Amino acid sequence: MSIMDEYNKKLITAEQAAALVKSGDWVQYGEFAMQPVEIDAALAKRKDELKDVKIRMVTMTFMPQVCVVDPKREAFTMNDWHFSGVSRKLSEANLCNYISLTYHEGPKHYYNGYDPVDICFQPVTPMDKNGYFNVSTSNSISASVLAVAKTKVLYVNKSAPWCCGGQKEIVHISDVDYVVESQTNHPLAQVPGVPPTDVDKQIAEIIMADMRDGDCVQLGIGGMPNAVGMLIAQSDLKDLGVHTEMLVDSFVDMYEAGKLTGKRKQIDKGKMVWTFAMGTNKLYNFLDNNPVCASYNVDYTNDPYVIAQNDNMCCINNAIEVDLFGQVASEASAGRHISGTGGQLDFIFGSYKSKGGRGYIALTSTTKDKQGNLISRIVPGLSPGTIVTVPRSLAYYIVTEYGIFNTKGKTSWERAEGIINLAHPNFRDDLIKEAEKFNIWRRSNKQL
């Protein structure tokens, strides 16, 4: 049978794909910008026929119709590995659950049977002449999902760029059960970088002062990492490498400014290594058939022992709160779930093991509550319902607009003193009093 004969034999409609789902099934959608939008809409129409269908995805970038049509969660239950603004909104309406994990362990969740998959709807590019599809901008768990799914359905979107590997970025027509062609070929989700504030830029400048030629860069999501990317593009730094979880628009700016050569990397020399990409068409067009970029599964990109093989890993991530013990909260605050662990812990751990590596947790010292009151993001201790993302034993550099502090090797009182120095001056006296209550403040310390 020819490749095209096999393709045509397996070709079905979105409605036929949705009809494969049975009550009680675990269904896997896509990741990030790659989502089976038309199959979701077809599945939503079966609400009255189904019960207890459990859907799993990674960072939803569209509003699933299965949630819109089933507010009582009788037919469908949505589950997300890492909350986006959409999944956060659904969670607050009790329509989405969070799945906790350390990101580099994700593929093994499937291989070990912790996350069963009865049917997957895997978004891909169109098939090439050799019978291969490409998982495009979302590689992190795709291979493991396809390996364990009982029924494998590909969802072809012509708008998706072909993203070079790496590894595990392709799937052959002979290895799947069905193919659905998108009728709209909807553009990938546009997620522009968060515009950095003036304070974000201050923090970015502090980190930039600590960077050096040949560093290997990882950037998290948010205004401050985006500000670092902007400053790198405008800097005199040279021969930087990339080994990151997320590829965003600012990496395109850095590359086009000639800052990213990867010449000094110890592994994947000359390659920009990543596991998922999320940005605008500037990024997606840059990725299309670009051999300088290499996508890998997340159990490679985020494995701390792989990360550490590159010297001078410079890993920059955001946080919500940091307490006086050095505990970092980046995903939930006071019971409100905001994002997820993601790769933050992976890269903080890996950066410390990297020769010359540095792992930065960056945050503004304050924020404002709903009433407009200034509140400190440096806190005495984490409140109930606030989740520790990086434990104090693994925390590394903490950065605010007031400076930078390396927590490694510090006593409890040294940590408290260093972290209080990063707080807004208006809150330091109260933080000192709390540190005294916790017995982590030396009585001989002078008032900061």
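Figures for the structure shown
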item: Yes/no for Asp236 being part of a loop (DSSP other than H, G, I, E, B), of a type in the set (D, E, K, R), without any contact (Cβ under 8 Å) to a residue 40 or more places away in the chain and surrounded by fewer than 20 Cβ atoms within 10 Å (Cβ to Cβ); result: yes
item: Tabulated pairs, region 79-93, first under 13 Å from Glu331 (Cα atoms) and modelled with pLDDT of 90 or more, second among the charged types (D, E, K, R) and part of a loop (DSSP other than H, G, I, E, B), C-beta under 9 angstrom, 6+ apart or interchain; result: His82/Glu331; Phe83/Glu331
item: Extreme residue, surrounded by the fewest Cβ atoms within 10 Å (Cβ to Cβ), among residues of region 1-43 that are polar (S, T, N, Q) and assigned to a loop (DSSP other than H, G, I, E, B); result: Ser2
item: Any chance Ala227 is in contact with a Lys or Arg (Cβ under 8 Å, 6 or more places away or on another chain) and within 22 Å of Val399 (Cβ to Cβ); result: yes
item: Region 348-379, residues that are over 20 Å from Phe405 (Cβ atoms) and not in a loop (DSSP other than H, G, I, E, B); result: Gly350, Lys353, Lys368, Leu374, Ile375
item: Flag for Ser174 being among the polar types (S, T, N, Q) and within 22 Å of the chain's Cα centre (by Cα); result: no
item: Meets criteria (over 16 Å from Leu287 (Cα atoms), aromatic (Phe, Trp, Tyr), crowded, with 23+ Cβ neighbours inside 10 Å and in contact with a helix residue (DSSP H, G or I) (Cβ under 8 Å, 6 or more places away or on another chain)) for Tyr178; result: no
item: Residues located in region 380-416, provided they are in contact (Cβ under 8 Å) with a residue 12 or more places away in the chain, in a loop (DSSP other than H, G, I, E, B) and hydroxyl-bearing (Ser, Thr, Tyr); result: Ser383, Thr386, Thr389, Tyr396, Tyr402, Thr407
item: Among (1) touching a His at 6+ places or on another chain (Cβ under 8 Å); (2) farther than 24 Å from Ala204 by Cβ - the single one Gly385 does not satisfy; result: (1)
item: Breaking point among (1) without any contact (Cβ under 8 Å) to a residue 40 or more places away in the chain; (2) under 20 Å from the mean Cα position of the chain (by Cα); (3) crowded, with 22+ Cβ neighbours inside 10 Å, for Gln218; result: (1)
item: Ile99 being hydrophobic (A, V, I, L, M, F, W, C) and at pLDDT below 95; result: yes
item: Any strands (runs of 3 or more DSSP E) falling wholly within region 107-220 and containing at least 1 residues that are in contact with a Cys (Cβ under 9 Å, 6 or more places away or on another chain); result: 132-134, 151-156, 216-219
item: Answer residue from region 192-202, given it is among the β-branched types (Val, Ile, Thr) and over 21 Å from the mean Cα position of the chain (by Cα) and is nearest to Phe405 (Cα to Cα) among those; result: Val199
item: Subset of region 66-93 [out of contact with any strand residue (DSSP E or B) (no Cβ under 7 Å at 6 or more places or on another chain) and more than 21 Å from Gly106 (Cβ to Cβ)]; result: Val68, Val69, Pro71, Lys72, Arg73, Glu74, Gly85, Lys89, Glu92, Ala93
item: Matching residues, region 50-84, being surrounded by fewer than 23 Cβ atoms within 10 Å (Cβ to Cβ), assigned to a loop (DSSP other than H, G, I, E, B) and aliphatic (A, V, I, L, M); result: Leu50, Met63, Val69, Ala75
item: Conditions (1) surrounded by 22 or more Cβ atoms within 10 Å (Cβ to Cβ); (2) on the phi > 0 side of the Ramachandran plot: number failed by Gly335; result: (1)
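The values are calculated or read from the model by the stated rules, or taken from the named source; none is laboratory data. Keep in mind the model is a prediction, meaning the values are calculated, not measured. So basically every Cβ, Gly included, is an ideal-geometry build from the backbone, and we count neighbours across all protein chains shown.
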